[in-house]
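Asker: Let me begin by handing over the structure; questions about it come next.
The values are calculated or read from the model by the stated rules, or taken from the named source; none is laboratory data. Keep in mind the model is a prediction, meaning the values are calculated, not measured. Note that we place each Cβ from the backbone using ideal geometry, even for glycine, and neighbour counts take in every protein chain shown.
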Amino acid sequence: MSAEIFINVAPRETRAALIEGGIVQELFVERASRRGFVGNIYRGKVTRVLPGMQAAFIELGLARTGFLHVNDVVSQETRFDAQSVAAVANSGGPSGVLDGMAPVLQQPAADIRRLLSAGDDVLVQVVKDPLGAKGARLTTFISLPSRYLVFMPHGHGIGISSRIDAEAERERLRHVMQELLSSRSEQDPSISERGGYIVRTAAEGVEAERLASDLAYLDRLWSHVRHRSIAARTIELIHEDLPLAERVLRDELGRTVERVLVDDSDQRVRLEQFMQDFLPEGGPRIELHAAARPIFDLYGIEEEINRALERKVALKSGGYLVIDQTESMTTIDVNTGGFVGHRNLEDTIFRTNLEAAVAIARQLRLRNLGGIIIIDFIDMHDAGHRQQVLAALEQALLADHAQTQLAPFSPLGLLEMTRKRTRESLEHLLCEPCTTCAGHGFIRSVETICQDIFRELLRQGRQFDSQELLVLAHPDVIDRLLGEESTVLAELESGLARPIRLQSEALYDADRFDVVLV
């Protein structure tokens, strides 16, 4: 299935959308004020050791201390096999590799007090971003990804992504890696036992020269991390993962991606340089969106984002889903709605559930839902129908890079599953608790409204002539525009070559605004 990647760059926010078969499948958002931490490596300090939990809290210089479990602490005896990690990890992205280490290391754990003490310095990597009141989840099993490989300093051997099915290709890649590592060891015996490698899904069909280039890059990167960690202060960021646009290309630019469309010329230059350095075969696919109409508007992505923040998801048949996120889990309810079918009730229910299974798999990716997920399909009396719906959901989830686990239907007719959660969901990223409803619902945050206003200013300012632009919005929004966002407004005024005037409207709802041409 052909795919495209669209990248939208705003003053303090970058967004990317993965389109497969003309349908938005995944959305990525990164704000200057709220960058993710997954993949970052820190020199941290142990603040507390909790023997009862066999865990420790690590100060990283972030808002909350990170959490490090004993199973994620490297000991003198720890050395895991890369092939075993690859068998259980989804190597669509680096976080999948980190998550995949846990099943491999299910051995009797040492006492946390023998490994760490309060005041110790420790080199850690973030596995999961802070979520809600929880701090970042950490590991000392460092994992460094490139386009085709993942390097694990505390591992050994060569693992091949489980997504590469053809046995002949798996053997070819393993043979190529063995030859490259052997040749490298002959040139420099000091690195003969340096870590293990996982060959990622993107390496399928890739020639040896590309893998050799990735090996050299990872050698340089690990050497940089080691030297910085030695020279670092007690609490310091040692290595930061790539910005969103480059990270999306690294992890998502497969053979099926026909083009990458970006709406910012400076970002296009940076991406082309990134491609030249690490993904030279992908360079010609980068195009600049120069039309006056915003890229996410033109291709319907803005509308898709708005729909992804709603509870109700309409199905083509007339049925619908209701999706609710809570602190402990996400629930999805399937309803027939206006679909009456053509044969009988059981057939109507079965067809609605089949359609819902495919829609649910897409919504999990689109909204980045994780953790425990309970799906309440419409009750089916036929055991064969239940099995077909479960198989349809499993098939639809094959395209998901995040690890998923499905359980059979429960006696109550519920389907339980889990999806690996490393970053915040789209709703938690773009919305905030509503003060009007005492936190039981969500409205778009003030920061999100400001970003919407910036886009609307650019949209109208580029398409229509006027003496000035007038923004009418809630007082809280105006306060932020005059405060934290004032430099962005100044840049927009300069870029649009006309003044922007702000007017506070106390009667406006918090998420309402208007941009008027004057």
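Asker: Does the range 375-383 include one or more residues that are part of a loop (DSSP other than H, G, I, E, B), within 24 Å of GLU310 (Cα to Cα) and without any contact (Cβ under 8 Å) to a residue 40 or more places away in the chain? Before you say what the answer is, go through the steps one by one.
Answerer: Taking the range 375-383 as the starting set, the residues that turn out to be part of a loop (DSSP other than H, G, I, E, B) are 377-382.
This time we only want the ones that are within 24 Å of GLU310 (Cα to Cα), so: 377-378.
Now drop any that are not without any contact (Cβ under 8 Å) to a residue 40 or more places away in the chain, which leaves none.
The answer is no; no qualifying residue exists.
Asker: What number goes with the only condition from (1) under 15 Å from the mean Cα position of the chain (by Cα); (2) modelled with pLDDT of 95 or more that GLU30 does not pass?
Answerer: (2)
Asker: If you check every pair at least six apart or on different chains, which have Cβ atoms under 8 Å apart with a residue in the range 147-175 that is more than 23 Å from ASP241 (Cα to Cα) first and a residue that is of a type in the set (S, T, N, Q) and surrounded by 22 or more Cβ atoms within 10 Å (Cβ to Cβ) second?
Answerer: Going by the 8 Å Cβ cut-off, the qualifying pairs are SER162/SER91; ARG163/SER91.
Asker: Looking at the range 399-432, which of its residues are among the β-branched types (Val, Ile, Thr) and more than 27 Å from ALA136 (Cβ to Cβ)?
Answerer: Correct list: empty.
Asker: Something else about it: Can you give me the ranges of the strands (runs of 3 or more DSSP E) entirely in the range 122-183 with at least 2 residues that are more than 19 Å from the chain's Cα centre (by Cα)?
Answerer: Of the strands (runs of 3 or more DSSP E) lying wholly inside the range 122-183, those with at least 2 residues that are more than 19 Å from the chain's Cα centre (by Cα) span 149-152, 158-160.
Asker: Is it true that ILE19 is modelled with pLDDT of 90 or more, over 24 Å from SER143 (Cβ atoms) and either among the hydrophobic types (A, V, I, L, M, F, W, C) or part of a loop (DSSP other than H, G, I, E, B) (or both)?
Answerer: Against the criterion (modelled with pLDDT of 90 or more, over 24 Å from SER143 (Cβ atoms) and either among the hydrophobic types (A, V, I, L, M, F, W, C) or part of a loop (DSSP other than H, G, I, E, B) (or both)), ILE19 qualifies.
Asker: Same structure again: Could you grab me the full set of residues in the range 290-316 that are crowded, with 19+ Cβ neighbours inside 10 Å and in a loop (DSSP other than H, G, I, E, B)?
Answerer: Matches in the range 290-316: PRO294, TYR299, LEU315.
Asker: For the range 22-52, what are the residues that are touching a strand residue (DSSP E or B) at 6+ places or on another chain (Cβ under 8 Å) and free of Cβ contacts under 8 Å to residues at least 24 places away in the same chain?
Answerer: Within the range 22-52, just ALA32 meets the criteria.
Asker: Of all residues in the range 402-429, count the ones that are among the charged types (D, E, K, R), buried (at least 19 other Cβ atoms within 10 Å of the Cβ) and closer than 30 Å to ASP382 by Cβ.
Answerer: Of the residues in the range 402-429, 1 are among the charged types (D, E, K, R), buried (at least 19 other Cβ atoms within 10 Å of the Cβ) and closer than 30 Å to ASP382 by Cβ.
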